[in-house]
Amino acid sequence: MKSRSILHLVAVLGLSLAASALCLAQDKGSGKLKDEAKQSEKAARVLEEIMGTPDKAIPQDLLDKAECVAVFPSVIKAGFIVGGRGGRGVASCRTANGWSAPAYFNLAGGSVGLQIGAQATDFVLLFMNKEGLNHLLSDKFELGGDASVAAGPVGRQAGASTDLKLNAQILSYSRSKGLFAGLELKGVVIKPDKDDMRDVYGTGVTAKEVLQENKVQAPAAVRTFPNTLARFSSRKG
C-alpha cells in the first residue's frame, strides 16, 4: 500500500511538472507573439494616421495600384560622424482574397557625414509592380541598388509628378516629427526578419509563402496591419 502511494505521488508530481512546462512554453510563445503583434499594430497606426489627413496623405490612386505595402515604424537614425539606420517593419501584399498575412522585415543602412544625435522616423514603402514585389520576396535587396526607388508624391494634387514616378518599382515616404513627405530612400537594405517569421509562422516559412503563395494562416493577433490596409485600399489582386 505504501509503495502504491509513493508511485501515485510520483505520477502526480510528474503530471504537474509536465503541465507547468507546457504552460511555461505557451507563455513564452505568447510573449514572443505579443512582440510581433505590437509591430503589426504600430505599422497599422502609422498608416492610419497618415491616411487620416487626405491633403497630406499617400494619394489614393497610388495606394490602390500598389502590389504590396511595407511600414517600418520608428526607425532609428543615430550616429556621430558615421551614422546608420535600423528598424523593424511589416509588409502585406494583395492576393485574390484581399491583403495577405503580414511578413516581417528588417531595415538597415549606413551613411557618412557630419551628424550627431538620434532621430526616430516612420518609413512607408509602396511596391508598385511585379518587379518591386520580386525584390521584396528575395533574401535581401538594396533600395536604389537592386530596386529602383523614387520619392512618392503626397496629397490630393499628385498631378503629373505621379505619372513620372509610376516607372519606379518602389515609392518611398518618411514621417518625422509629424511631417510626412516623399523621400528617395537609397542605400538601405531590407531583408526578412527570420526570428519574427519563425515566432509567428514556425521554422522555415518564407516571406514568399506568406505574401504571395498564401500558404500560411496568420494568427488573429498579428492581422491588425493587413486589416487596416483593407480599410484604405479594398482593390483585390
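The values are calculated or read from the model by the stated rules, or taken from the named source; none is laboratory data. Source: prediction; values computed, not measured. Ideal geometry is used to build each Cβ from the backbone, glycine not excepted, and the neighbour counts take in all protein chains shown.
Points worth noting:
- Residue in the stretch 29-46 that is modelled with pLDDT of 50 or more, in contact with a helix residue (DSSP H, G or I) (Cβ under 6 Å, 6 or more places away or on another chain), buried (at least 20 other Cβ atoms within 10 Å of the Cβ) and not in a helix (DSSP H, G or I) present: no
- Those residues of the stretch 210-233 which are among the small types (Gly, Ala, Ser) and more than 18 Å from residue 35 (Cβ to Cβ), in sequence order: 230, 233
- Condition met for residue 157 (part of a loop (DSSP other than H, G, I, E, B), among the polar types (S, T, N, Q) and at pLDDT below 85): yes
- Candidate set from the stretch 180-237 (those that are within 19 Å of residue 98 (Cα to Cα) and among the basic types (Lys, Arg)); member that is surrounded by the most Cβ atoms within 10 Å (Cβ to Cβ): 223
- Of everything in the stretch 207-233 that is in contact (Cβ under 8 Å) with a residue 24 or more places away in the chain and not in a helix (DSSP H, G or I), the residue that is nearest to residue 42 (Cα to Cα) is 223.
- The numbered conditions (1) surrounded by fewer than 20 Cβ atoms within 10 Å (Cβ to Cβ); (2) modelled with pLDDT of 90 or more are all true for residue 66 except (1).
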